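Below is one structure, written out as structure tokens; comments come after it.
The values are calculated or read from the model by the stated rules, or taken from the named source; none is laboratory data. Being a predicted model, the structure only gives us computed values, none of them experimental. Note that each Cβ is placed from the backbone with ideal geometry, even for glycine, and that neighbours are counted across all protein chains shown. Each accessible area value is taken on the protein alone, full model and side chains, heavy atoms only, with ligands, DNA and RNA left out. Shrake-Rupley method; radii C 1.70, N 1.55, O 1.52, S 1.80 Å.
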Amino acid sequence: NCKATVKFRALQEQLRLVLHNDPKPGPATFVVQCLYVSPVFDNQSQGFTHLIISAFRRFLKRSTSTTAEDSLDAKNSAAYLLIDIIRGQIKHDEMIVMKILETFGVKLTNVEKALCQNKGKDYLNCGMAKELIEQYTFELVKSQLYTIAVTLMEHFSISHYSQSFLLDMLKSNQFKAAEKWAAFMGKPMLSILIQEFINRNMLKDAYEVIKKNNLKQDFPDVYKRCKESSLKSLAEKGCWDVAEARTNNDRQLMEYLVGVSLGDYEIENLYLLNYVLCMLETSIPQGRYLHLEELMIEEIIWVDEVEGLLDATCHIEDVKVIGLDCEWKPNYVKGSKPNKVSIMQIASEKKAFIFDLIKLHREVPESLDNCLTRILLSPGILKLGYNFQCDMKQLAHSYEELKCFKNYKRLLDIQKVFKDPRGGLAKLTEKVLGAGLNKTRRNSDWEQRPLTPNQESHMETTKKYKKRPKK
């Protein structure tokens, strides 16, 4: 009532115990003799033969009782068996031939010796061993049994075949056999194989051959294309951690992965920022706060009128990545209604805009709603924020009648990427840039106008404003 696999393993273990009892003339030679008689089982012959060989391999892993004499006798006996199979006197399929070669390590000298001692066959003489094997291999190739043919070629060092043989295997979709034979033939044939894989758009197979045979320096462009294709496939599946590991900190590959990520409209909370930050190069010394003059910001612009709002929106819509943050006046009375979000900061690589939400909402609510909707729902802009979902909830609560804070697209929460228990954004900034953020003025009155110098410092703004808030 058991499954076939369970039965096979039970029989396999029984046979191993038989071999452990040291049958005469020796376990290895005994197995070869069993292979001679196994064809009498007709339809069950193949399964029984595989059972015998697998049991012997299991025996070799667990026992050291096989003597050198028994191993040599078995090798010579296996050579006799191989000749009889080739001549058709013993019926075993080609897979058994391959297992006999691998299990007993039959060499050309063993076949030669067996031929010389086989005096009953007049047409088989000494010196014909390689010719016999080559002829058998030729018949395997004609039958398109490429895997077994290649095994024999490799085992007996047969190298008569050329590029056309490789193309025949590829045409028959025998890719593993083609790779094995190309590796046996050497670098020139491997180069042809790689190019054939490229022509067939089999980049993954080409990449594996390049990596396995240490040919990265010979095929840098192909290797790069294959690696990028692999990373893109992982990114499309959302396996960002695996993709990150496979870049091996290669800057070009990280840049490519960033490009793929920016084109993915479904990205939410994984590893893009890690790649971006790995590409940052800075000489800012550690142990102090970050200052504006050390950043590559061209303008920091206060936005509290409709003209500035429209200009800011047009600029932001032309960039691929922005940073977001909000500030509001804290409320220390337990159970009381939280204050409205006062300031929203949106920064591109070169410009930072500080939106006075209270004033804009009071004077131009429709324009504010329309502009921020265009930004927050844009599928072409990646929004970076630190726990910004919390800010969005606060924004939606502060300005309930505005639609712009109800939904967003392509928001990457840095907090979900960098889960460092030692601190928040300030610690992350210090880790990446070598200088922390001064957060001492975060809990202040953000509704007052103009902002105090300490508040400006907290927002990383200084007297270098090109446009200042009106007093």
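Please list 181, 328, 302 in order of solvent-accessible area, largest first, computed with a 1.4 Å probe with all protein chains present.
Greatest to least solvent exposure: 328, 302, 181.
Here residue 185 sits with roughly 60 square angstrom of accessible surface, probe radius 1.4 Å.
What shape does the range 1-122 take by its C-alpha gyration tensor, where a ≥ b ≥ c are the square roots of the eigenvalues and a/c under 1.5 counts as rounded, a/b above b/c as prolate, and the rest as oblate?
On the way: a/c = 2.32, a/b = 1.37, b/c = 1.69.
Oblate is the answer for the range 1-122, as a/c is 1.5 or above yet b/c matches or exceeds a/b.
Within the range 1-32, list the residues whose amide N lies under 20 Å from a label point set 7 Å along Cα→Cβ of residue 43. Output list for this probe position: 1-5, 7-8.
Between residue 401 and residue 107, the contour length at 0.36 nm per residue exceeds the Cα-Cα span by 97.3 nm. Between residue 378 and residue 251, how high is the FRET efficiency from 1/(1 + (r/R0)^6) when r is the Cβ-Cβ distance and R₀ = 22 Å? Nearest 0.05. Given R0 = 22 Å and the Cβ-Cβ separation, E is 0.20. Taking all protein chains as shown and a probe of 1.4 angstrom, residue 374 keeps an accessible surface of around 80 Å². What does the charge count around residue 153 come to, taking other residues whose C-beta lies under 11 Å from its C-beta (Lys +1, Arg +1, Asp -1, Glu -1)? So the surrounding residues net to -1. With 20 Å as the limit, the listed pairs 204/232; 329/350; 61/113; 320/350 have 329/350; 61/113 beyond it between alpha carbons. The largest accessible area among 234, 167, 193 belongs to the first residue in 167, 234, 193, and the rest follow in falling order (1.4 Å probe, all chains).
Put simply, the amide H of residue 325, placed in the peptide plane, has neighbours under 5 Å in 345, leaving out anything fewer than 5 places away on its chain. Modelled label positions at residue 62 and residue 167, each set 7 Å beyond Cα in the direction of Cβ, lie 5.2 nm from each other. Ordered by 1.4 Å accessible area with all protein chains kept, 92, 20 run largest first as 20, 92. Taking all protein chains together and rolling a 1.4 Å probe, residue 6 ends up with roughly 80 Å² accessible. Computed from Cα atoms alone, the Kirkwood hydrodynamic radius reported for the range 1-50 is 11.9 Å. Approximating the spin labels as points 7 Å out from Cα along Cα→Cβ, the residue 134-to-residue 5 distance works out to 4.4 nm.
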